[in-house]
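Contents: one structure, followed by commentary.
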Amino acid sequence: MTLQIETIPCLDDNYAYLAHDFGTGETAVIDVPEAAPILAALDARGWRATLVLLTHHHADHVQGLDELLASHDARIIGAAADAHRLPPLDQAVKEGDSVAIGNETGTVIEVPGHTSGHIAFHFPQSGVAFTADSLMALGCGRVIEGTMTQMWESLQKLAALPPETMICSGHEYTAANARFALTIDPANPALISRAEAVDAARAEGRPTVPSILSEELATNPFLRAADRDVQAHLGMTGADPAEAFAEIRSRKDRF
Ligand code: ZN
Ligand code: FE
């Protein structure tokens with residue numbers, strides 16, 4: 001049996017996720033932007049949080065933790081590299097380490113760039129990856145601490161996961177990301193139709209996450225820095241994909 005995943009809107013545009021294993025009753029909370037909506041989602045399902053997976057140290061991903069722990073007894077897992085600036089960890093993890101949610105085992109993927117210690121969690125049996133502010137729907141996190149090359153390499157690790165993987169990212173930025181993506185890859189029919197679907201979802205107040213890795217590979221400009229049409233549009237035909245990525249990311253920063 002695979003994990004049941006619940007998407008929890010928090011704050012203005014953040015997402016937390018619940019991952020519940022019915023076999024053991026264990027429930028993981030992935031990132032804690034604020035406690036109230038997470039507590040309400042747990043209560044509505046009669047679940048108890050037994051585990052918290054933290055992707056990175058930014059306040060909008062950890063600041064609800066104390067309030068959650070006031071009523072739930074959960075073990076905290078986060079990056080060893082950032083243990084000094086994350087909440088106290090029960091398990092400090094690095095690239096390739098295993099993380100269990102009930103009977104299902106996942107793997108830690110280090111994805112530096114947005115922050116130096118950002119990690120993602122991949123659960124292959126359920127086909128889900130929690131990527132927060134690394135790979136996002138039609139986007140990627142701003143490169144704050146790492147280098148552009150580091151972020152490109154992080155995204156390449158995620159791009160190599162099975163294409164049917166559900167990508168659970170950290171923010172509802174997809175409509176703005178779509179508008180930017182169309183400036184980079186304007187003739188891509190898959191992007192044009194996805195942008196329409198995103199606008200329709202937002203008009204109805206529906207989340208645009210999780211997304212599917214295969215649709216990110218087809219439409220997310222930050223994964224398409226090696227694509228001929230994208231490079232031609234950038235005036236960078238034949239460029240090193242990491243350099244084309246850096247150009248796309250800096251255009252987004254100015255968009
Ligand atoms: Zn962040
Ligand atoms: Fe964030």
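The mean sequence distance of close C-alpha pairs (under 8 Å, at least 6 residues apart), as a share of the length of the chain, puts its relative contact order at 13 percent.
Build a GNM of the chain with springs between Cα atoms under 10 Å apart, and of 100, 203, 175 the one that fluctuates most is 203.
Of all beta bridges that DSSP places with both ends in region 1-59, some 75 percent have antiparallel geometry. In this entry, the chain is assigned a mean projected area of 12.7 nm², taken as a quarter of its C-alpha convex hull surface. Relative to one another, the C-alpha centroids of region 216-233 and region 116-149 are positioned 18 Å apart. The relative contact order of region 200-244 comes to 22 percent, based on Cα pairs under 8 Å that sit 6 or more residues apart. Put a dot 7 Å past the Cα of residue 193, heading toward its Cβ, do the same for residue 142, and the two dots end up 3.4 nm apart. In the elastic network of the chain, a GNM with C-alpha springs shorter than 10 Å, the most mobile of 142, 202, 194 is 202. On a per residue basis, the convex hull of the C-alpha atoms belonging to region 107-255 measures out at 94 Å³. I want to verify a result. In a Gaussian network model of the chain, Cα cutoff 10 Å, which of these has the top mean-square fluctuation: 115, 55, 183? Highest fluctuation among the options: 183. Taking the longest Cα principal axis of the chain as reference, the axis of helix 241-254 is set at about 80 degrees. What you get for region 161-255, charging only the Cβ of Lys and Arg (+1) and of Asp and Glu (-1), is a dipole of about 240 debye around the Cα centre.
Shape analysis of region 1-47 based on the Cα gyration tensor places the equivalent ellipsoid semi-axes at 20, 11, 7 Å, largest first. Taken over the C-alpha atoms, region 1-140 has Rg and Dmax values of 13.6, 37 angstrom. For region 97-243, the relative contact order is 21 percent, taking Cα pairs closer than 8 Å that sit 6 or more residues apart in sequence and dividing their mean separation by the residue count.
DSSP beta bridges confined to the chain are antiparallel in about 65 percent of cases. Cα extents for region 133-187 along the principal axes, largest to smallest and rounded to whole angstrom: 28, 25, 23. Relative to the longest principal axis of the Cα atoms of the chain, the long axis of helix 35-45 lies at roughly 70 degrees. Helix 174-184 and the long axis of the chain differ in direction by around 20°, with both axes built from C-alpha atoms. Only Lys, Arg, Asp and Glu carry charge here, each on its Cβ (+1 for the first two, -1 for the last two); on that basis the chain has a dipole of about 400 debye about its Cα centre. Amide H contacts of residue 76: 52, 90, 91, each under 5 Å away and 5 or more positions distant or on a separate chain (H built 1.01 Å from N in the peptide plane; Pro and chain starts excluded).
Throughout, read-outs are computed from the coordinates displayed, never taken from laboratory work. Small disclaimer: the values here were computed from a predicted structure and weren't measured. Backbone-built Cβ (ideal geometry, glycine too); neighbour counts: all protein chains shown.
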